[in-house]
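In what follows, a single structure is set out as structure tokens and then discussed.
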Amino acid sequence: MQQALDRYANYLKAEKNASEYTVRNYMHDLLGGQRPDSQKGFFQFLRQKKMTSLEDVDRQTIRDYIAWLMEQDVVKSSIARKLSAIRSFCRFLVREEILPHNPLEKASSPKQERRLPSFLSTTEVSSLLETPDPATPVGLRDRALLELLYASGIRVSELVSLNFGQVDLDSNEIRVIGKGSKERVVLMGKPAARALTAYLKEGRPQLLGEKRSNAIFISRQGERLIERRVQKILEKYAQIAGIERRVHPHMLRHTFATHMLNGGADLRVVQELLGHADLSSTQVYTHVSKSQARKVYLSAHPLAQPKKDDSESE
């Protein structure tokens, strides 16, 4: 089985073009963690049931696994993700003729409550972007990194994979290779372009030293920056900026989409910039803050305007 898992991991990387982060998550959902509070992997459950072969897995096994996870207070979104990982793995085993059929083919995931994505206010974004110190090469890098995530809405995986040749500072455009190796062009505003230019001219050469790299964003050691490091960078600056909640790179993507739509951008344009294949993925961002909704209502509805006599009587 370990050999099959290794082949599956290689399949995800080579044929599905999955990132290291995605592969690691799939393996964790299948195998579980070592800590007592993270031993919720599918294979850990099978060992408890003394099941030694995936050929013995049926729909009832999956129902029992879901019930087992719920007993441990695993949220529905995490259960759905674990089932997706198992389904994908079993599909691979069928393709490789290790399994005769996929036991999850007709198994359904628990219905999830769709939660609205969290996003930052414009004040919080401004505070966050002003935090890195532009007097240091790391500060220049981090300012460019944060500006670019917010200005373009790109995924963190797309950010760390950026190479020279993908960025055009004359037109302020970036050619991004997204999920499934799909290519799209995203835009960045002048603040992000200025921050990126400063980093490439002053900060990056100092970080790179004698090394050579085609990566745009590099570490202190001159190596390509990894996704987990970007997460740590963002957490650090969010804390310094006084943002009292967990901030992650995808939140800046949520913030980009929300602010674009609140500013009047067309839904289809935002879909294109985000690289969403399905419009429904973008529609979740059509929520607006109460203050923004009230502002739009008061400025747009003819009967919401204060009458001249009313304002004078006050």
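Condition check for R143 on (1) within 21 Å of N214 (Cβ to Cβ); (2) surrounded by 14 or more Cβ atoms within 10 Å (Cβ to Cβ); (3) not β-branched (V, I, T): one failure, at (1). When each of Y297, Y285 is tested for being at pLDDT 75 or above and assigned to a helix (DSSP H, G or I), the lone residue that passes is Y285.
In the range 227-266, how many residues are among the hydrophobic types (A, V, I, L, M, F, W, C), exposed (fewer than 15 other Cβ atoms within 10 Å of the Cβ) and touching a residue at least 12 places away in the same chain (Cβ under 8 Å)?
Of all residues in the range 227-266, those among the hydrophobic types (A, V, I, L, M, F, W, C) come to 230, 233-234, 238, 240-241, 243, 247, 251-252, 256-257, 260-261, 265.
Next, from what is left, pick out any that are exposed (fewer than 15 other Cβ atoms within 10 Å of the Cβ): 240, 265.
Keeping just the survivors that are touching a residue at least 12 places away in the same chain (Cβ under 8 Å) gives 240.
Number of matching residues: 1.
Number of residues in the range 87-116 that are at pLDDT 75 or above, surrounded by 15 or more Cβ atoms within 10 Å (Cβ to Cβ) and assigned to a loop (DSSP other than H, G, I, E, B): the value is 3.
Within the bounds of the range 141-151, is there any residue that is modelled with pLDDT of 90 or more and more than 15 Å from L252 (Cα to Cα)? Checking the range 141-151: at least one residue is modelled with pLDDT of 90 or more and more than 15 Å from L252 (Cα to Cα).
Quick one: T123 ticks every box in (1) outside any helix (DSSP H, G or I); (2) at pLDDT below 95; (3) of a type in the set (S, T, N, Q) bar one, so which box is it? Here T123 meets the rest and fails (1). Can you find, within the range 52-68, the residue that is surrounded by the fewest Cβ atoms within 10 Å (Cβ to Cβ) among those that are at pLDDT 85 or above and under 27 Å from Q3 (Cβ atoms)? Within the range 52-68, the match that is surrounded by the fewest Cβ atoms within 10 Å (Cβ to Cβ) is D64.
Against the condition over 15 Å from the mean Cα position of the chain (by Cα) and of a type outside the set (A, V, I, L, M), how does K232 come out, does it pass? No, not satisfied.
The values are calculated or read from the model by the stated rules, or taken from the named source; none is laboratory data. In this text, all values refer to a predicted model and were calculated from it rather than measured experimentally. Cβ atoms come from the backbone with ideal geometry, glycine included; neighbour counts cover every protein chain shown.
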